[in-house]
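For reference, the structure is listed below as structure tokens.
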Amino acid sequence: STGPVDQWTKTTCVYCGVGCQMEVGSHDNKVVAIRPTDSPVNHGHLCVKGRYAYDFTHAPDRITHPMLRRGSDWHAVSWEEALSFTASRLQELRNKYEADSLGVLSSARATNEENYLAQKFARVVLGTNNVDCCARVCHQPSAKALKTMLGTGAATNSFSDIEHTSLFMLCGCNPTENHPIVGARIKQAVRAGAGLIVIDPRRTELAACADIHLALRPGTNVLLFNAMAATLLEEGLQDDDYIAMRVDGLAGFSSFITAYAPEQVASQCGVTSGDIRRAARMYALAKPAMCFHGLGMTEHLQGTQGVMSLINLALLTGNLGKRGSGINPLRGQNNVQGSAQMGCEPASLTGAQNLADAKVRASFEQAWGTNLPTSAGLDLPAMLAAASSGKFKAMWVMGYDIAMSMPNASQTLAALAQLELVIVQDLFLNETAKAVGHVFFPAASVFEKDGSFMNADRRVQRVRQVVNSPGEAKPDWQIITELARHMGHEQGFKFDAPQAIWNEIRSVWPAGAGLSYQRLQNESLQWPCPATLDDNHPGTAILHQQGFGAGPKASLACIDYQPTAEVCDDDYPLLLTTGRELYHFNAGTMTYRSPNAVLKPTDTLDISPADARLLGLAQGQSARISSRYGTAVLPVNITDKMQVGQLFCSFHRADLNVNALTSPYCDNLVHAPEYKVTAVKVKGL
Ligand code: SF4
């Protein structure tokens, strides 16, 4: 605490997808303290981000007035001028080009209600399905894989299952740093006797206490999971009863998978065939076994297919539809599940309902009183590509610093520079606004608005206003409704409070219809939670207890391994992966304006002692990292967590611009960037 507290307000953490519940203490319209509350998720604990990183709210560089850029300078203007200018520019561009030359990008910084309005604005006001969100760069591959194979694009189980499993298999995730409260719960469960397999190139804190640590070569997930599946079937470890009732396609899969015997693929994966077999046996024999995965799974050329090959293992061993089992993506951001679920997705409407389904479209057309554009829109990488080729002209970006976050920064900036209108809505003048913004809308922070977030285990929880916004900053939902009104769409955007927006969401999303604000007042609920006559559906803690999507059975997927084109060679001999770390969050916008900046003042280049010796690098020395796409300079951190030949760095500091290095390759199905594999060279300075 930094002073006396007048009032405590219960709300939800703004950072990771765990969704911890907290009370925020305020005094004199300032956030002055945060303390944990008890909830099914955080059991009275908070991590160093949730507990201490709130000073950004009152940072002196908060933008408190709308601004327009004239020449190279930004000028504060009234809301009326900013909204009128933006509305007429959007209308002009739509008339000059077409509706599909415009797009909206929302984010996990926005509530469910705001994300819903953002996609409704794109579809109804602009007339395009060009709407996306930051799930594109993280777990869209998970959502696609889970929806394709199991029928629902979300975690199958709950954090409450952590204390009810026999074994954890952690795949490409480091919850100790990125989902700390879940990481601590997993560690406690392991101490109490649960088994632990960690699949990660780095020796993370949990890898160090695992029964088996498979330090695979980045980019070989499909090979590894196929080899585990081959082991299961060769050694007869599959769950025949479960397969008979719940799984299709075993015969074809069995003959397909023989090509992936561990002895044939282990060297490519960088692990031993013996360890692959041991891991497969351990996963199959522990009942139940629970998988968590992170961006080490998804941010690859075969991100979606990697998750699908992991789902094969759960199907073969009967680890779905039961407590303590499942496939559980650890969502990186507080509301990233919600932003896509609300419809900020170019091929899906609210509730992940298929835009291409005429019946679904008709029901939204009736609800919204207008015809909807029929063809799937552009996702973010496709918007940038279309901007480069002159076909995409305007973007409204809410709470998302794409110039800093997208890979291959020079290419991203070149694409953004082609746009005729870039509207940035944020707390601060972020890198996107500085480089290419034309309009800046000052947004309210998480402590300055009401609404709801959806965490990684499908739990909807309330966000509550603690203090008033500084100056003229407004919640995203208000800005969207006002711009809609300026574009002639008062009807359909007439909401006086987030609760009214939420009630409209419930009317178009059957799986969320039972989640009234009244019920969410004192509890959190996991969807599916349909409406019932007595209004007391308990929500759904475990998916797929009865079936998968349309039927009782799910099909195994035969997925061939496809190596990435981003390879090391004599010029670029080292393999870099990027990711996050404990004290900071994504673009650093919030945590670097908090005491966490003192605890961890910089991104570092993590390198093994052997490589540091070879390159003559000392701890703390500056090193220039060069890839085929750009360069960055970071201080060296020598650590035995790293394997020889591999490097890791976080990407939280704008001035260090780590995404200058990352490659343009992306997931072959849903375009999540391949942040986890970049060939580089390093030179000490
Ligand atoms: Fe916030 Fe995640 Fe930390 Fe919980 S674990 S306090 S949700 S950052």
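The values are calculated or read from the model by the stated rules, or taken from the named source; none is laboratory data. It should be emphasised that the depicted structure is a prediction, and the values quoted were computed from it without experimental measurement. Positions of Cβ are generated from backbone atoms using ideal geometry, with glycine treated the same way; all protein chains shown enter the neighbour counts.
For the stretch 341-382, a tally of residues being among the aliphatic types (A, V, I, L, M) and without any contact (Cβ under 8 Å) to a residue 60 or more places away in the chain returns 4. Listed here are the helices (runs of 4 or more DSSP H) enclosed by the stretch 116-212 that have at least 2 residues being away from the ligand (no atom under 16 Å from the Cβ) and surrounded by fewer than 22 Cβ atoms within 10 Å (Cβ to Cβ): 140-150, 180-191. Cβ-Cβ contacts under 8 Å between residues 6 or more apart (or on different chains), taken from a first residue in the stretch 297-309 that is touching a residue at least 12 places away in the same chain (Cβ under 8 Å) to a second residue that is among the aromatic types (Phe, Trp, Tyr) and not in a helix (DSSP H, G or I), are listed as GLU299/TYR675; LEU301/TYR665; GLN302/TYR561. The residue of the stretch 562-580 that is farthest from LYS676 (Cα to Cα), among those that are in a strand (DSSP E or B) and aliphatic (A, V, I, L, M), is LEU574. Counting only helices (runs of 4 or more DSSP H) that sit completely within the stretch 216-301, those holding 2 or more residues that are over 19 Å from PHE168 (Cα atoms) correspond to 221-234, 240-246, 250-257, 262-269, 273-285. For ALA444, the stated conditions hold: it is touching a Pro at 6+ places or on another chain (Cβ under 9 Å), of a type outside the set (Asp, Glu) and either under 29 Å from SER524 (Cα atoms) or more than 16 Å from the ligand (Cβ to nearest atom) (or both).
Can you confirm whether SER375 is over 16 Å from the mean Cα position of the chain (by Cα), away from the ligand (no atom under 16 Å from the Cβ), not in a helix (DSSP H, G or I) and not assigned by TED's automatic domain parsing to the domain that holds ARG123?
So SER375 does not fit the description; no.
Number of residues in the stretch 42-74 that are surrounded by 21 or more Cβ atoms within 10 Å (Cβ to Cβ), basic (Lys, Arg) and not in a helix (DSSP H, G or I): the value is 0. Given the conditions (1) of a type in the set (Ser, Thr, Tyr); (2) away from the ligand (no atom under 16 Å from the Cβ); (3) within 20 Å of ALA473 (Cβ to Cβ); (4) in contact with a Phe, Trp or Tyr (Cβ under 6 Å, 6 or more places away or on another chain), and given that THR64 satisfies all but one, which numbered condition is not satisfied? Against the list (1) of a type in the set (Ser, Thr, Tyr); (2) away from the ligand (no atom under 16 Å from the Cβ); (3) within 20 Å of ALA473 (Cβ to Cβ); (4) in contact with a Phe, Trp or Tyr (Cβ under 6 Å, 6 or more places away or on another chain), THR64 comes up short only on (4). Of all the listed residues (MET297, MET282), the sole one being modelled with pLDDT of 95 or more and in contact with a Cys (Cβ under 9 Å, 6 or more places away or on another chain) is MET297.
What pairs come up if the first residue lies in the stretch 117-139 and is without any contact (Cβ under 8 Å) to a residue 60 or more places away in the chain, the second is charged (D, E, K, R), and their beta carbons are under 8 Å apart, counting only those six or more places apart or on different chains? Cβ pairs passing all conditions: LEU126/ARG94.
Mind checking which residues of the stretch 626-685 are of a type in the set (Gly, Ala, Ser) and in contact (Cβ under 8 Å) with a residue 40 or more places away in the chain? The answer is SER626, SER627, GLY630, GLY645, SER650, ALA654, ALA660, SER663, ALA672, ALA679, GLY684. In the set ARG109, ARG51, which member is within 16 Å of the ligand (Cβ to nearest atom), of a type outside the set (Val, Ile, Thr) and either more than 21 Å from GLN425 (Cβ to Cβ) or touching an Asp or Glu at 6+ places or on another chain (Cβ under 7 Å) (or both)? Criteria check complete, one pass: ARG51.
Take the conditions (1) under 27 Å from LEU421 (Cα atoms); (2) within 16 Å of the ligand (Cβ to nearest atom); SER101 misses just one of them, which is (2). Note on the stretch 475-540: enclosed helices (runs of 4 or more DSSP H) holding 2 or more residues that are within 22 Å of SER107 (Cβ to Cβ) and touching a strand residue (DSSP E or B) at 6+ places or on another chain (Cβ under 8 Å) are 476-486, 498-508. Any residue in the stretch 532-549 that is over 25 Å from the mean Cα position of the chain (by Cα) and over 30 Å from GLY321 (Cα atoms)? Checked the stretch 532-549: no residue is over 25 Å from the mean Cα position of the chain (by Cα) and over 30 Å from GLY321 (Cα atoms). For the stretch 256-288, filtering for residues that are touching a helix residue (DSSP H, G or I) at 6+ places or on another chain (Cβ under 9 Å), more than 24 Å from LEU320 (Cβ to Cβ) and among the small types (Gly, Ala, Ser) leaves 6. LEU310 fails exactly one of the following numbered conditions: (1) assigned to a helix (DSSP H, G or I); (2) at negative phi; (3) surrounded by fewer than 24 Cβ atoms within 10 Å (Cβ to Cβ). What is the number of that condition? Condition (3) is where LEU310 drops out. For ALA610, the stated conditions do not hold, so it cannot be described as among the small types (Gly, Ala, Ser) and buried (at least 18 other Cβ atoms within 10 Å of the Cβ).
Taking the conditions exactly as written (crowded, with 22+ Cβ neighbours inside 10 Å, within 26 Å of the chain's Cα centre (by Cα), in contact (Cβ under 8 Å) with a residue 40 or more places away in the chain and part of a helix (DSSP H, G or I)), does ILE423 satisfy them or not? So ILE423 fails the test.
When each of GLY326, GLY303 is tested for being under 20 Å from the mean Cα position of the chain (by Cα), under 20 Å from VAL190 (Cα atoms), buried (at least 24 other Cβ atoms within 10 Å of the Cβ) and more than 16 Å from the ligand (Cβ to nearest atom), the lone residue that passes is GLY326. The one condition from (1) more than 16 Å from the ligand (Cβ to nearest atom); (2) free of Cβ contacts under 8 Å to residues at least 24 places away in the same chain; (3) not small (Gly, Ala, Ser) that LEU576 does not meet is (2). Taken together, the residues in the stretch 102-141 that are among the basic types (Lys, Arg) and modelled with pLDDT under 95 amount to 2.
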